[in-house]
Amino acid sequence: MRRPYILFDLDGTLTDPMVGITRSVQHALRAYGIEVEDLKDLCPFIGPPLKDSFMKYYDFPEEQAQEAIGRYREYFAVTGIFENRVYDGITEMLKKLKEDKRTLLVATSKPEAFAVQILEHFHLARYFDWVCGASMDEKRVKKGDVIAYAMETAGIKDAKEAVMVGDREHDILGAAQNSMDCVGVLFGYGSRQELEEAGAKRIAATVEELEEILLGDHIIE
């Protein structure tokens, strides 16, 4: 079945934000006397909502986790936002999808304003009809809520006309909450086990494989 609508996660799917996100988390934790030297230890923060991660990995109570997001943004909004890179092959894939008359959206748990800024900086904004992200007040941040918002924004009435693409379980579970299939990617920050257990319909190891799946409409084998 041809999927005219394709929704993409941003972090770990279109771009590799490792340096910017982990340095921003490092900055935030320092405000609480927590020093993390190895940025790789902070990679689990890439993908899920920040508040959830501060609570899960550092046992912050909810109020403190919300406060930590402000500390995070002190660094991210100025510097971390551009400590990022587009995965090889992504630009070419997006160009081919647009030439194939697909409607492309970004659905990210990153604040929408930041997502737009990143896409414009890396010259990717031209490929997307809509960029849908979290609200700055974190009221819309769960991936299921962001996908629902993206569907409403784009006027997608039937979820079977769309597919989500992402690298973490949150993308797959959020898509499922909206009755949408999801293709998982392994070049981001989720493992094959994580993606399979969450219920990904297909898993792409490389950007080239992802392109083949999406252009060939081979979502379900």
Consider Arg102 carefully, then state whether it is of a type outside the set (Phe, Trp, Tyr) and without any contact (Cβ under 8 Å) to a residue 12 or more places away in the chain. no
Which one of these does Lys95 not meet: (1) basic (Lys, Arg); (2) farther than 30 Å from Ala28 by Cα; (3) part of a strand (DSSP E or B)? (3)
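Is it the case, given these coordinates, that Glu112 is open to solvent by 60 Å² or more (accessible area, probe 1.4 Å) and at pLDDT 95 or above?
no
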Which ones in the range 3-48 are open to solvent by 40 Å² or more (accessible area, probe 1.4 Å) and part of a strand (DSSP E or B)? Tyr5
Against the conditions (1) open to solvent by 20 Å² or more (accessible area, probe 1.4 Å); (2) closer than 20 Å to Gly166 by Cα; (3) more than 16 Å from the chain's Cα centre (by Cα); (4) among the basic types (Lys, Arg), where does Arg102 fall short? Just the number, please. (1)
Can you tell me which residues in the range 139-152 are of a type in the set (D, E, K, R) and over 15 Å from the mean Cα position of the chain (by Cα)? Lys139, Glu152
Flagged in the range 153-171 as more than 11 Å from the chain's Cα centre (by Cα) and under 14 Å from Ala107 (Cβ atoms), in numbering order, are Thr153, Ala154, Ile156, Ala159, Ala162, Val163
Report the residue count in the range 71-92 for those that are open to solvent by 40 Å² or more (accessible area, probe 1.4 Å), assigned to a helix (DSSP H, G or I) and of a type in the set (A, V, I, L, M). 0
Failed item, numbered, when Gly133 is tested on (1) closer than 25 Å to Val86 by Cα; (2) without any contact (Cβ under 8 Å) to a residue 24 or more places away in the chain: (2)
Pairs returned, first residue in the range 35-49 that is at pLDDT 95 or above, second residue that is among the polar types (S, T, N, Q), beta-carbon separation under 6 angstrom, 6 or more apart or interchain, are Val36/Gln26; Leu39/Thr22; Leu42/Thr22; Phe45/Ser53
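The values are calculated or read from the model by the stated rules, or taken from the named source; none is laboratory data. Quantities reported herein were computed from a predicted structural model and do not represent experimental measurements. Cβ atoms come from the backbone with ideal geometry, glycine included; neighbour counts cover every protein chain shown. Side chains included, ligands, DNA and RNA excluded: accessible areas come from the protein's heavy atoms. Shrake-Rupley method; radii C 1.70, N 1.55, O 1.52, S 1.80 Å.
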